[in-house]
1. Can you check what the net charge comes to around Cys43, using other residues whose Cβ is under 15 Å from the Cβ of Cys43 (Lys, Arg +1; Asp, Glu -1)?
2. Of Lys73/Lys171; Lys73/Lys135; Lys57/Lys173; Lys73/Lys266, which sit over 23 Å apart, Cα to Cα?
3. Quick check on the exposure proxy: order Trp193, Trp142 from fewest to most C-beta atoms within 10 angstrom.
4. Fewest to most neighbouring Cβ within 10 Å: what's the order for Ser272, Ser182, Ser80?
5. Net charge around Met154, counting only other residues with Cβ within less than 14 Å of its Cβ (Lys, Arg = +1; Asp, Glu = -1)?
6. Order these by the 10 Å Cβ neighbour count, fewest first: Phe117, Phe211.
7. Please compute the net charge surrounding Ser272, taking Lys and Arg as +1 and Asp and Glu as -1 over other residues with Cβ under 14 Å from its Cβ.
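Taken together, the values in this text are just the output of simple stated rules run on the coordinates, not laboratory data. Treat the numbers as computed from the prediction; the structure is a model and nothing was measured. Reconstructed Cβ throughout: ideal geometry from the backbone, glycine too, with neighbour counts over all protein chains shown.
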Amino acid sequence: MASLSPTLDCGFNEDTMNMAISSLYFLLFIPALIINGVAVWVCMQLRSTSTFTVYLKNLLAADLLMTLTIPVKAANILSSAPLALKAFACRFSDVIFYLCMYMSIILLGLISLDRFFKIVKPCGRLLGQNLVFGKVLSASIWVVLLAINVIPTMILTNKDPTNKTEEFCMKMKSNAGQDFHSGVVTLNSAIFWVVCALICFCYICIARKVFQSYRKSGSSNDEGRHKTKVRVFLILGVFLICFGPYHAIRNSYTLLQVTSTTSCTKVNLRISKEITLWMSAMNICLDPLIYFFLCKSFRITLHIYPCLHVQITLTNLNPRTLTRYR
């Protein structure tokens, strides 16, 4: 983002805001690199023996790839960033960033569906939890997103950079590229809302199933119930906290982004978009919580399973339901 025009006073200094957001990305990068580095080491020890593990490994790949784009994104936000760096971010780095974001969103949906089949509808395991199906599906999603989103965006961002205008990336796109950009944003938003509805449905059903086991067992263990709630709603919480705010404003911002007008509304939306986009990037640090709490093999391999394992299985609970949940 570039500085506001001197004639446009929207109540804040945009250069200062840019620097603050850039700092947030730099602060996010170091812990994300360490956490995902450890997660990669752990996952290299795990065999892909279930669709759940396959989806987790693909999610980790998306998180690691997104982590590597963070330094470029952080530097690109600064108004003083070199023109060549901004052009590289527009054509390549930012495109990969968004690829990883929507890959993560889809994979969180698939993980939720996997948990649903395992706990609520075991008969769905015939297809939904077939190992080969999981691998083919994951690879297919990567290919489809590359084909319909990444490669066309790179090709259509084909104009030479001229100056650091407030919509630098949009100025590098051809007319077809700008129209395509609007279409991609609409498609990505649809992906988010469909996956959001899927995750909410799956975890409402899972919660009902798990807590029915508590009622049938007659257990009054409040601590066990609390830990179960954490496990049941972890994915939903990470999903809504990271991706919800960004998608609540993204379409509104895009409608103004493709116009040539400048207003405080457009500036405020751009700042809001950058802040909520940073929140979306936070998922690279929060996703490892999913690996740890929902994947028993991950905890064991990490060698801290005995002291940090969250025990939700009570003596009298329905062992069939809770074994599937673990």
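1. Values: positive: Arg47, Lys57, Lys135, Lys296, Arg299; negative: Asp63, Asp287.
Local net charge: +3.
2. Details: Lys73/Lys171 18 Å; Lys73/Lys135 31 Å; Lys57/Lys173 34 Å; Lys73/Lys266 21 Å.
As for pairs spanning more than 23 Å Cα to Cα, those are Lys73/Lys135; Lys57/Lys173.
3. Numbers: Trp193 10, Trp142 16.
Fewest-to-most ranking of Trp193, Trp142: Trp193, Trp142.
4. Values: Ser272 17, Ser182 14, Ser80 11.
Sorted ascending by nearby Cβ count, the order is Ser80, Ser182, Ser272.
5. Values: positive: Arg91, Lys159, Lys173; negative: Asp94.
Every neighbour counted, the sum reads +2.
6. Ranking Phe117, Phe211 by Cβ neighbours within 10 Å, fewest first, gives Phe211, Phe117.
7. On the way: positive: Arg250, Lys266, Arg270, Lys273; negative: Glu14, Glu274.
Taking every Cβ under 14 Å from that of Ser272, the sum is +2.
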